[in-house]
Amino acid sequence: ILNVEQSPQSLHVQEGDSTNFTCSFPSSNFYALHWYRWETAKSPEALFVMTLNGDEKKKGRISATLNTKEGYSYLYIKGSQPEDSATYLCAPNTGTASKLTFGTGTRLQVTL
Amino acid sequence: EPEVTQTPSHQVTQMGQEVILRCVPISNHLYFYWYRQILGQKVEFLVSFYNNEISEKSEIFDDQFSVERPDGSNFTLKIRSTKLEDSAMYFCASSNARVYGYTFGSGTRLTVV
């Protein structure tokens, strides 16, 4: 069973603050790392899929980096807005399988 | 934007009963999945389906569980004899390839009483 850790478990920031979360995973047999945003009462929504060591992806105010050698990824949110409030899940994909192993998530709450 | 549709959104069933959870994945996707989340726990993988057969399954996916793609559009998860511990939110997802993100359905909340 893959051990995927996310930190912090929860985070409460004010509107305009920038923030970041960490996802750590075993580096062996790595294939891809997925990030999802999961708003309450909705379905998880794909943010990024990253495959290469050193990869950096950006979508608006959200960006992510990947280090496959040491087994971690950071997700950054610049200038948080209340609509960023959600749980952010990371999930590596390893070996030849297509399944994802999810972390526990980081629950972000952004207040005015 | 294409979406994955799941029905029903809620299902309450008695222990020992059979349930079928239904999903309509995105039509041109090739990989189909079922995941579940027990309240307060991680989202956990159940099964993946590719090329009309199961490609991988977890230890949770025992003989009580089965999946079918009966008509080329629907993708169903059947639990033959539900247990209390099967109570969870069940998510269907589909994708076009491993390097693409999954599209998840909105889930079926299953409560076994």
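Quick notes
- A crude spin-label estimate for the pair A:Lys78 and B:Ser81, with each label 7 Å from Cα along the Cβ direction, gives 5.8 nm.
- Relative to the compact-globule estimate of 2.2 N^0.38 Å, the Cα radius of gyration of segment A:46-94 comes out at 1.18.
- Alpha-carbon radius of gyration plus Dmax, which is the widest Cα pair, for chain B in Å: 13.2, 40
- Alpha-carbon centroid distance for the pair segment B:43-76 / segment A:1-64, whole angstrom: 26
- Note on the protein assembly as shown: Lys pairs 8 or more places apart or on different chains, Cα atoms under 16 Å apart, count 6.
- Counting Cβ atoms of other protein chains within 10 Å of each Cβ in A:91-99 and taking the mean gives 5.
- Heavy-atom surface of the protein assembly as shown, accessible at 1.4 Å and reported per residue (Å²): 50
- Surface composition of chain A: carbon plus sulfur atoms hold 45% of the accessible area, using a 1.4 angstrom probe and ignoring ligands, DNA and RNA.
- In segment B:44-106, GluC sites (Glu not before Pro) in a DSSP loop with at most 13 other beta-carbon atoms within 10 Å: B:Glu59
- Efficiency of FRET from Cβ geometry, A:Gln14 and A:Ala97, R₀ 41 Å, rounded to 0.05: 0.50
- Note on segment B:1-50: along the principal axes its Cα atoms extend 36, 22, 21 Å, ordered by decreasing extent.
- Less than 5 angstrom separates the built amide H of A:Thr68 from those of A:Asn53, A:Gly54, all sequence-distant by 5 or more or on a different chain.
- Counted charge near A:Ile77, where neighbours are those whose Cβ lies closer than 9 Å (Asp, Glu -1; Lys, Arg +1): 0
- Debye-sum result for the protein assembly as shown in log10 I(q)/I(0), which assumes one identical scatterer on each alpha carbon, at q = 0.12, 0.15 Å⁻¹: -0.65, -1.00
- Translational diffusion of segment A:1-90, µm² s⁻¹ [Kirkwood Rh, Cα pairs; Stokes-Einstein; 25 °C; 0.890 mPa s]: 181
- ³J(HN,Hα) computed for each position of segment B:102-111 - Karplus, 6.51 cos²θ - 1.76 cosθ + 1.60, integer Hz, glycine/proline x: 6, 9, 8, x, 7, x, 10, 8, 9, 10
The values are calculated or read from the model by the stated rules, or taken from the named source; none is laboratory data. Bear in mind the structure is a predicted one, so any value in this text is a computation, not a measurement. So basically every Cβ, Gly included, is an ideal-geometry build from the backbone, and we count neighbours across all protein chains shown. Accessible surface areas use protein heavy atoms only, side chains included; no ligands, DNA or RNA. Shrake-Rupley method; radii C 1.70, N 1.55, O 1.52, S 1.80 Å.
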